[in-house]
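Q: First the structure, which I've put down as structure tokens, then a few questions once you've had a look.
The values are calculated or read from the model by the stated rules, or taken from the named source; none is laboratory data. All values derive from a computational prediction rather than experimental measurement. Every residue, glycine as well, gets a Cβ built from its backbone with ideal geometry; the counts of neighbours run over all protein chains shown.
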Amino acid sequence: MPRLCRPAVSTPENVITLEETLAFAERVHGGKPQLPLALRLIRNTGVQKRHIVQPIEATLRHPGLTERNRIYELESKKRCPEVVEQALRNADVTARDIDAIIYVSCTGFSMPSLTAWLINNLGLRFDTRQIPIAQLGCAAGGAAINRAQDFCAAHPGSNVLIVSCELCSLCYQPDADDIGSLLSDGLFGDAVAAAVVRGAGGVGIELERNASYLIPNTEDWISYAVRDTGFHFQLDRRVPGTMEPLAPVLREFAKDHSWDAGNLDFYIVHAGGPRILDDLAKFLEVDRKVFRHSWATLSEYGNIASAVVLDAARRLFEEAAPAPDATGLIAGFGPGITAEMALGRWAVDTPQLID
């Protein structure tokens, strides 16, 4: 079965702490009636620091969509290669062993996709399949893992490279001062992540089953308004409550596989915010500590969109290795409202590269 190998993750060198975030919010939005509530919500996120591609003063300025997208392309090409190369080493494969590349990002746009640039510059074969995913937001990390599993199932023995490049700070809108925008300004961070799903061999999470689910009539709860100034993130106040309808879906998904979603050995879950994790623990009837990897990502990096599940998975790999056949759940949540879910077991055997 396809196996998710140890991800590689990199964050930019510019760091902004919670205290700095609160100070900048007070300076930029001082006097706004909604500011006290926004500051309280930011304090409650649990985000202690975030990493951003530009120094904070440059981030707070808006040079226009053209310049921001230029920075996105420049920074993605600067930061992705090292992470990809580490992910290949982690999986004990080479660039020539990759049969498909899935690139996920919702914070910048390029055509052709960065997949073409990566193929041309990192030594991947020219017949490598390209699968860019741009509009699933935070759910795209889970979707990428699922589509990699699907590809390996359709093409046995194949290896799939996943790359997530989320530069959320390039979507900051200085004039947006609604509660959702102010909260997101204190929640989202930047990161690049990559991982290989091997069709055979390797060490990692053997992917057994995946599924998607859309909560009906919620497509406007998380969205972008695309304007002359770029992407304006829109967050409905009902979003934090989405785990109540999604938890039964996760339970049924696991039950169909003869597993109990409330009694697994590990959980790799998108850290959209503290309410998401707390509610999921409540409705799955598990200790919130089972989401320790997601909590750590949220605290140290903030919400890094599609890269969250890869970073949480990285933390699982860096912990004491789970017992062979330990069972686990991977879940990403994003616009739609969409859930991307996978079930897998911890597996170890001798790597065997496929020609």
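Yes/no per residue for (1) hydrophobic (A, V, I, L, M, F, W, C); (2) in a strand (DSSP E or B); (3) in contact with a Ser or Thr (Cβ under 6 Å, 6 or more places away or on another chain):
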{"position": "Ile16", "(1), (2), (3)": "yes, yes, no"}
{"position": "Glu20", "(1), (2), (3)": "no, no, no"}
{"position": "Phe24", "(1), (2), (3)": "yes, no, no"}
{"position": "Pro36", "(1), (2), (3)": "no, no, no"}
{"position": "Val47", "(1), (2), (3)": "yes, no, no"}
{"position": "His51", "(1), (2), (3)": "no, yes, yes"}
{"position": "Gln54", "(1), (2), (3)": "no, no, no"}
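Q: Within the group Leu250, Leu207, which residue is farther than 21 Å from Ala305 by Cα, among the hydrophobic types (A, V, I, L, M, F, W, C) and buried (at least 22 other Cβ atoms within 10 Å of the Cβ)?
A: Leu207
Q: Further question on the same structure: List the number of the failed condition for Gly344; all other conditions in (1) part of a strand (DSSP E or B); (2) without any contact (Cβ under 8 Å) to a residue 24 or more places away in the chain hold.
A: (2)
Q: Let me ask you something else. For region 154-176, check the following and say yes or no: at least one residue is buried (at least 17 other Cβ atoms within 10 Å of the Cβ), in a loop (DSSP other than H, G, I, E, B) and in contact with a Phe, Trp or Tyr (Cβ under 7 Å, 6 or more places away or on another chain).
A: Yes, region 154-176 contains a residue that is buried (at least 17 other Cβ atoms within 10 Å of the Cβ), in a loop (DSSP other than H, G, I, E, B) and in contact with a Phe, Trp or Tyr (Cβ under 7 Å, 6 or more places away or on another chain).
Q: Taking the condition of being in contact with a strand residue (DSSP E or B) (Cβ under 6 Å, 6 or more places away or on another chain), outside any strand (DSSP E or B) and not β-branched (Val, Ile, Thr), how many residues in region 91-107 meet it?
A: 4
Q: Would you confirm whether or not region 116-127 contains a residue that is under 26 Å from Arg89 (Cα atoms), in contact with a Cys (Cβ under 6 Å, 6 or more places away or on another chain) and buried (at least 24 other Cβ atoms within 10 Å of the Cβ)?
A: So far as region 116-127 goes, no, none of its residues is under 26 Å from Arg89 (Cα atoms), in contact with a Cys (Cβ under 6 Å, 6 or more places away or on another chain) and buried (at least 24 other Cβ atoms within 10 Å of the Cβ).
Q: Considering only residues of region 298-324 that are outside any helix (DSSP H, G or I) and either modelled with pLDDT of 95 or more or in contact with a helix residue (DSSP H, G or I) (Cβ under 9 Å, 6 or more places away or on another chain) (or both), which is surrounded by the fewest Cβ atoms within 10 Å (Cβ to Cβ)?
A: Glu319
Q: Then there's this: Hey, does region 247-265 have a residue that's within 30 Å of Gly108 (Cα to Cα) and hydrophobic (A, V, I, L, M, F, W, C)?
A: Scanning region 247-265 turns up no residue that is within 30 Å of Gly108 (Cα to Cα) and hydrophobic (A, V, I, L, M, F, W, C).
Q: For region 59-93, enumerate the residues that are hydroxyl-bearing (Ser, Thr, Tyr) and surrounded by 16 or more Cβ atoms within 10 Å (Cβ to Cβ).
A: Of everything in region 59-93, those that are hydroxyl-bearing (Ser, Thr, Tyr) and surrounded by 16 or more Cβ atoms within 10 Å (Cβ to Cβ) turn out to be Thr59, Tyr72, Ser76.
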